[in-house]
Amino acid sequence: MNEPATETRSVVVEREIPFPPEKIWRALTEPHLIEEWLMKNDFKPAVDHRFNLRGDWGAVDCQVLTVEPHKTLSYTWDALGLESVVTWTLTPTSTGTHLRMEQRGFRADQQQAYQGAKFGWQRFFANLEQVLARAD
């Protein structure tokens, strides 16, 4: 039942961000803000909503799985043969929010996608922090 072929890896990025969860939630769920730090999109924070993220290199097909305002957001992330799930978790802290992003579902033979995601999410997070710093 437990063949190595089914084992998958995750990319996890965690940050302490000096803004309340409500503000970060907006950046994660409002299409015009998502576009500023991630990609063009037709996102709606509604379970089962299908949306695309569009970058210069192509598109990501997504479907919303979980929406718990200011707490948890997850959606499928399918691109270039990768079938994965991205989960955002927001935890209030005394100074702001602990933001955790996990993208799980990288197979052993998807080393390039895995490394690309590790690199890409660091950049997306840097962009996200810039958007938060200037958004109201």
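Between Gly81, Gly96, which is out of contact with any helix residue (DSSP H, G or I) (no Cβ under 6 Å at 6 or more places or on another chain) and modelled with pLDDT under 95?
Only one candidate passes the filter, namely Gly81.
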| said: Would you confirm whether or not region 127-135 contains a residue that is charged (D, E, K, R), within 15 Å of Ala27 (Cα to Cα) and modelled with pLDDT under 95? | reply: yes
| query | Which ones in region 77-112 are assigned to a strand (DSSP E or B), of a type in the set (A, V, I, L, M, F, W, C) and touching a residue at least 40 places away in the same chain (Cβ under 8 Å)? | reply | Trp88, Leu90, Leu99, Met101, Phe106
| request: Determine if region 29-38 includes at least one residue that is out of contact with any His (no Cβ under 8 Å at 6 or more places or on another chain), buried (at least 17 other Cβ atoms within 10 Å of the Cβ) and within 16 Å of Ala79 (Cα to Cα). | output: yes
| remark: The residue that is nearest to the chain's Cα centre (by Cα), considering only those in region 25-58 that are assigned to a strand (DSSP E or B) and within 19 Å of Gln122 (Cα to Cα), is Leu53
| message | Against the definition (assigned to a strand (DSSP E or B), within 15 Å of the chain's Cα centre (by Cα) and basic (Lys, Arg)), how does Arg123 come out, yes or no? | response | no
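The values are calculated or read from the model by the stated rules, or taken from the named source; none is laboratory data. Just so we're clear, the structure is a prediction, and the values are computed from it rather than from any experiment. Glycine gets a Cβ as well: all are built from the backbone with ideal geometry, and neighbour counts include every protein chain shown.
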